[in-house]
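Take a look at the structure below.
The values are calculated or read from the model by the stated rules, or taken from the named source; none is laboratory data. Since we're looking at a predicted model, the values are computed, not measured. All Cβ positions, glycine included, derive from the backbone under ideal geometry; neighbour counts span all protein chains shown.
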Amino acid sequence: MSLNIFNDIWSEFDNKGFTEEFIKGWGLELIALITRSIIEIGENADILFKETDPWRQISDLPTKEKLRDWMENIINTVCEYISLSKSSKNRKLVDMAVKLIQDNYSDLDISLNSIAERLYITPSYLSALFKSEMGITFSDYLTEYRIEKAKELLKDVKIKIYEVAEAVGYTDQHYFSKVFKNITSFTPKEYREKIL
């Protein structure tokens, strides 16, 4: 429930002159609904009310104004809590995707779809989450990570350029060189000459 909906309901209470007892009863039902909803999304409702007993608190409130303030505060707290919880879960998913990229960048079949499948979410959801949390697309991150790994491998002259390409997930050396140059402004050969 957003505060706008709450304000509309409260206006109805005022217009219809509902008693304090009726509003307290409604408030208790609201708390029960919020508690159930929090448990259903897999969160711990006790965190919201900590050491307090919401049932007693709402019963002890002396005026309609105090009731309104208390309920408004509860709704604000719940909205913030769910938003933070969602944000934390999203970050965890993105961190897991990043770890999967870093552990499997040499795999030719690694893709947005394959990572999303392993995380049990849709590719479009992962794509949106990744861009939102990382400020870069999944595909760009994977490419940049592969090129960073290629730069490390190019320091060893014993490793042929086609072997570097294969080691970072590219079967086509020419395509690898093109991608490498797009990111570093050098071909792999030029880069190797520059750093040695």
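For Tyr141, all conditions in the list (1) more than 16 Å from the chain's Cα centre (by Cα); (2) within 23 Å of Leu33 (Cβ to Cβ); (3) among the aromatic types (Phe, Trp, Tyr) hold save one; what is the number of the exception? Result: Tyr141 fails condition (2) only.
Of the residues making up the range 154-165, those that are touching a residue at least 24 places away in the same chain (Cβ under 8 Å) and surrounded by 13 or more Cβ atoms within 10 Å (Cβ to Cβ) are Leu154, Ile161, Val164.
Quick grid of which residues meet (1) touching a strand residue (DSSP E or B) at 6+ places or on another chain (Cβ under 9 Å); (2) modelled with pLDDT under 80; (3) closer than 30 Å to Leu126 by Cα:
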{"site": "Phe6", "(1), (2), (3)": "no, yes, no"}
{"site": "Gly25", "(1), (2), (3)": "no, no, no"}
{"site": "Ser37", "(1), (2), (3)": "no, yes, yes"}
{"site": "Asp53", "(1), (2), (3)": "no, yes, no"}
{"site": "Gln57", "(1), (2), (3)": "no, yes, no"}
{"site": "Thr77", "(1), (2), (3)": "no, yes, yes"}
{"site": "Tyr81", "(1), (2), (3)": "no, yes, yes"}
{"site": "Lys89", "(1), (2), (3)": "no, no, yes"}
{"site": "Lys92", "(1), (2), (3)": "no, no, yes"}
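Restricting attention to the range 184-193, the residues that are surrounded by 16 or more Cβ atoms within 10 Å (Cβ to Cβ) and assigned to a helix (DSSP H, G or I) total 4.
Annotation note: Cβ proximity below 6 Å between a residue of the range 82-107 that is among the aromatic types (Phe, Trp, Tyr) and a residue that is assigned to a helix (DSSP H, G or I) (sequence gap 6+ or interchain) occurs for Tyr105/Tyr145; Tyr105/Arg146. Evaluation of Ala150 against the conditions (1) at pLDDT 95 or above; (2) part of a loop (DSSP other than H, G, I, E, B) shows that the sole unmet condition is (2).
Scan the range 166-177 and tell me whether some residue there is modelled with pLDDT under 95, under 27 Å from the mean Cα position of the chain (by Cα) and not in a helix (DSSP H, G or I). There is no residue in the range 166-177 that is modelled with pLDDT under 95, under 27 Å from the mean Cα position of the chain (by Cα) and not in a helix (DSSP H, G or I). Cβ-Cβ below 9 Å, separation at least six or inter-chain, first residue in the range 51-71 and of a type in the set (A, V, I, L, M, F, W, C), second assigned to a loop (DSSP other than H, G, I, E, B) and crowded, with 16+ Cβ neighbours inside 10 Å: which pairs? Within 9 Å, the pairs are Leu67/Leu61; Trp70/Leu61.
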